[in-house]
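Participant: Quick one: structure below, then a few questions.
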Amino acid sequence: MTDTLEQAPTPHPGRSCPLHYRYAPEVFREQAPPRLQSLEVLYVVGGLYGNEPALQAVLDLFARESGRKRLVFNGDFHWFDTDPARFSRVQAAVLEHEALRGNVETELAEEPGSDDAGCGCAYPEWVGDEVVERSNRILARLRRTVAPRQQAELSALPMWGRADVGELRLGIVHGDATSLSGWGFSQEHLRDPGHRETVRGWLERAAVDAFACTHTCLPVFQEVRVPAAEPPRWILNNGAAGMPNFSGDTAGLLTRVAVTPYRGPGRRFGFVAPRGNIHVDAIGIEFSTDAWLAQFCRDWPPGSDAHDSYFNRLARGPDYHPAEALRVDAGVRSPLSRGRAGIQRT
């Protein structure tokens, strides 16, 4: 397998991956900064997409946590928020915490026409051209919202991070282990055993126990085969914080990694990592769907690009189910039991 996942061959805005999005897995070998070491609770929130009600729900959940805790927004916290006041509120709230830039923030920080990345999504071949074109136009409209000061703030954000929860070493990315917009941690690619071998190599080169990621819009916690003497490693993809992730469930999702179990009602699925007995869970982000859809439709009415691409998912969720989201690599012994809304390790 190649070190970096191949993208669609057409050099088309929205499908290409710019060179300045790239990094090597070895960058994650460095120590986490002191503020992100010895954590007791870590929230990783990717794909907020400018959903302000979801943002407030995340902040409320995090406020209830105790101990040494940190909240990381790992990119694409902007997208639907074309109203300048809401854009400003979202950015101000996010930057009060740890933040990485996703492809949306990276492209917003660039001057228009500086490259041919379009929305920067680097969409794979299974995504239709009409979706890609709409995303490029959404980004172009969002560019008219961002102010120069906000561009500078976004440009200053890192592309990747490191954190330690108890004994668990985590790499935090927007896309995958080699690119800010990589799809190597998508649930589609992680179904392929050959690709999981590539991911195993990335994890070993990075010297982390797990990658927390987002970008690909559907959640998956994927166990990755390692030598029998070592605990398994994981890819922790929260899907989207600002959009539904499952059929009939309108909540967004965040990834919670903690030394203690989650005590709230919103746990969708999860497991306990053997290294340090760390609890890893996908937590539902619940908010008023009716209020959010009304706000969304004011900015993106029927016939607009975002409405055409996203309204059905926002209203009903994608054709995806919790039982598909927690996966054990073939050949690795992992006793599982079913729990609320999906598979959970006990």
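Participant: With the contact rule set at Cα under 8 Å and sequence spacing of 6 or more, what percent relative contact order holds for the chain?
Facilitator: Here the relative contact order equals 20 percent.
Participant: Output ³J(HN,Hα) for region 81-95: one whole-Hz value per residue in order, computed from phi by the Karplus curve 6.51 cos²θ - 1.76 cosθ + 1.60 with θ = phi - 60°, and x for Gly and Pro.
Facilitator: Computed from phi, the couplings for region 81-95 are 8, 7, 6, x, 5, 5, 4, 5, 5, 4, 5, 5, 5, 4, 6 Hz.
Participant: About its Cα centre, how strong a charge dipole does region 23-344 have in debye, to the nearest 20, once Lys and Arg get +1 and Asp and Glu get -1 at the Cβ?
Facilitator: Its charge dipole is roughly 1080 debye.
Participant: Hey, in the GNM for the chain with a 10 angstrom Cα cutoff, which one of G128, G171, G161 fluctuates hardest?
Facilitator: Highest fluctuation among the options: G128.
Participant: Taking springs between alpha-carbon atoms closer than 10 angstrom, which of S38, S288, S179 fluctuates most in the Gaussian network model of the chain?
Facilitator: Ranking S38, S288, S179 by mean-square fluctuation puts S288 first.
Participant: Counting only residues 5 or more places away or on other chains, whose amide H sits under 5 Å from the amide H of G14 once H atoms are built in the peptide plane?
Facilitator: It is G118, C119, G120, C121, A122, by chain and number.
Participant: Quick query: amide H of A99 versus all other amide H atoms, modeled in the peptide plane; which residues come in under 5 Å with a sequence gap of 5 or more or a different chain?
Facilitator: Placed amide hydrogens put F73 under 5 Å from A99.
Participant: If you plug each phi of region 32-48 into the Karplus form 6.51 cos²θ - 1.76 cosθ + 1.60 with θ = phi - 60°, what whole-Hz ³J(HN,Hα) values come out, in order, with x for Gly and Pro?
Facilitator: Karplus-based 3J(HN,Hα) across region 32-48 equals 5, x, x, 5, 10, 9, 6, 6, 9, 9, 10, 9, 10, 10, x, x, 6 Hz.
Participant: Pull up all non-local amide H partners of F221: gap of 5 or more, or a different chain, and H-to-H distance under 5 Å with H placed in the peptide plane.
Facilitator: N237, L326, R327
Participant: Sticking with this structure for a sec: Given the rule -39500 (n - 2.57) for each run of at least 4 DSSP H residues, summed and divided by the residues of the chain, what is its mean residue ellipticity at 222 nm, to the nearest 500 deg cm²/dmol?
Facilitator: Taking each H run of at least 4 residues, the total per residue is -8000 deg cm²/dmol.
Participant: Can you work out ³J(HN,Hα) from phi for every residue in region 152-164, in order, using Karplus 6.51 cos²θ - 1.76 cosθ + 1.60 and θ = phi - 60°, giving whole Hz and x for Gly and Pro?
Facilitator: Values, residue by residue: 4, 5, 5, 4, 6, 6, x, 8, 8, x, 10, 8, 10 Hz.
Participant: List the pair-distance distribution P(r) of the chain, using every Cα-Cα distance, as the percent of pairs falling in each 20 Å bin from 0 up to the bin containing the longest distance, rounded to whole percents.
Facilitator: 33, 61, 6
Participant: Here's a follow-up. How high is the relative contact order of region 229-288, given as a whole-number percent (alpha carbon pairs under 8 Å, six or more residues apart)?
Facilitator: 32 percent
Participant: A further question follows. For the ranges 205-213, 101-109, 295-303, what's the packing order if you count other beta-carbon atoms within 10 Å of each residue, average per peptide, and put the highest first?
Facilitator: 101-109, 205-213, 295-303
Participant: Another question about this same structure. Treat each spin label as a single point 7 Å out from the Cα along the C-beta direction, and report the S155 to R29 distance in nm.
Facilitator: 3.2 nm
Participant: Which one, L180, G284, A147, projects farthest toward the positive side of the charge dipole computed for the chain from Cβ point charges (K/R +1, D/E -1)?
Facilitator: Farthest towards the positive end: G284.
Every number in this text was worked out from the coordinates using simple rules, so none of it is lab data. On a predicted model such as this, the values are computed, not experimentally measured, just so you know. Cβ coordinates were reconstructed from backbone atoms using ideal geometry, including for glycine residues, and neighbour counts include every protein chain displayed.
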